[in-house]
Amino acid sequence: MNETYLTHNLTELQTSLRNDTWTNRTAAGVDSCFVKPRLADKVSICAVGTVISVTQLFNLIIFALWRGKEPYINLHVGLALASLLAGLNILAAVPLILFVEPTNAHAVLLHKVFGFCLGMYTNAAAMMANFAISVDRWLSVEFAVEYRATVTKRKTLFIATVGVFGVAFLLATTGDTIFWEDITVDRCTLLVKLVSSGFASEFTMFWVFNGQFCLPLLFLTQLRILMISATYRLRRLHHRRQVALAHRNNMGSHGCIRNVVRADRPASRMGVVLVVWSSLWASMTVICGALIARLPYIILLYLPPAVKRFVSTEMWLAAGITTLVTHFTSPVVYLLLWPDYRKTLFRLCLRLRSVVTPHASIG
């Protein structure tokens, strides 16, 4: 049997709550585990869940105050909601891990749901949201005018709800149903894991029902966006050099007019492209961060069985925590790379200032 430490970050985090564990073996060979969780472990996991929840609530507040929302903002709202659910799941699972021992069927069910199934769902939802954002940004660059004329807030809202959370629900529940009997709870560590019977079930659960099949597609769309960006910048640089050369060589009024006309063609498309690039880098950074954060976990997951058995629990824990990073770093990325996000935050600060000091000028 190949014990696959699959899916979700909370599954990896649970071991740290139970790392002060010892076992008494009875004459009948039955293990009786006594657990003494440490305060530091409780605080650390609560802190992770709290940070994720607070940062994503902050994102949702900013998006709610956003003026002149473009349709793609709904997709970022969907990503924030998926990450918020991940944080709330961690907070809800902590008291379960600490106080509910899996000694009966109902307790085991709770551990499976909070320790595995909800993690599958939030991971799949976050991956679907990242995929929707990536495809949206690619279409907005590859087919700028056509896509802008077609996309609407209603369409992106449908994608952010049904396309993200609906598809994630179908994926996660299907995988949980198929592999329900293979999801086990360790009585001593309370680690919830998938005990698979081979590579096929491992591949199916991780890549299909956990939404990770989107990773190659994310990579391809981001690569295409970078190619378009490089081509666009090279064309602008080439055109500027042509204009400068024309002025230096004193080509005359006809040559200058020809270059000016070529520079303004087509004006509407250029305006659309400028709008797109103003928000593109923040979206790309968040998506690339999601790709990079999952690499350590994927590497450990696909180590040869002879090598995998030597991987310590701490390494699995570190890989799981790495995937959690993407759930609470998005506000920093948005703040650094998204001008409209900074403007909305500035307006929020002015509102708060007007509440604290009513006589202050809002400006």
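The values are calculated or read from the model by the stated rules, or taken from the named source; none is laboratory data. Keep in mind that what you see is a predicted model, and the values were worked out from it rather than measured. Cβ atoms come from the backbone with ideal geometry, glycine included; neighbour counts cover every protein chain shown.
Within the group S354, S330, which residue is free of Cβ contacts under 8 Å to residues at least 60 places away in the same chain and of a type in the set (S, T, N, Q)?
One residue alone meets the criteria, S354.
Which one of these is in contact with a Phe, Trp or Tyr (Cβ under 9 Å, 6 or more places away or on another chain) and basic (K, R): K153, K112?
Details: K153 fails: in contact with a Phe, Trp or Tyr (Cβ under 9 Å, 6 or more places away or on another chain).
Exactly one of K153, K112 is in contact with a Phe, Trp or Tyr (Cβ under 9 Å, 6 or more places away or on another chain) and basic (K, R), namely K112.
Which of (1) within 27 Å of I178 (Cα to Cα); (2) at pLDDT 90 or above is the odd one out, the single condition Q56 does not satisfy?
Unmet condition: (1).
Just a yes or no: is a residue in the stretch 245-256 touching a Cys at 6+ places or on another chain (Cβ under 8 Å) and either at pLDDT below 80 or loosely packed, with under 12 Cβ neighbours inside 10 Å (or both)?
The answer is yes; a qualifying residue exists.
List every residue pair whose Cβ atoms lie under 8 Å apart, where the two residues are 6 or more positions apart in sequence or sit on different chains, the first residue falls within the stretch 280-308 and is under 14 Å from A318 (Cβ atoms), and the second residue, located anywhere, is of a type in the set (D, E) and assigned to a helix (DSSP H, G or I).
From the stretch 280-308, the pairs are L301/E202.
Could you list, in sequence order, the residues of the stretch 72-106 that are over 28 Å from T204 (Cβ atoms) and out of contact with any helix residue (DSSP H, G or I) (no Cβ under 7 Å at 6 or more places or on another chain)?
Passing the criteria: P95, F99, T103, N104, H106.
With the condition being under 26 Å from T122 (Cα atoms), I'd like the helices (runs of 4 or more DSSP H) fully within the stretch 300-363 carrying at least 2 qualifying residues.
In the stretch 300-363, 313-324, 330-337 are the helices (runs of 4 or more DSSP H) which contain 2 or more residues that are under 26 Å from T122 (Cα atoms).
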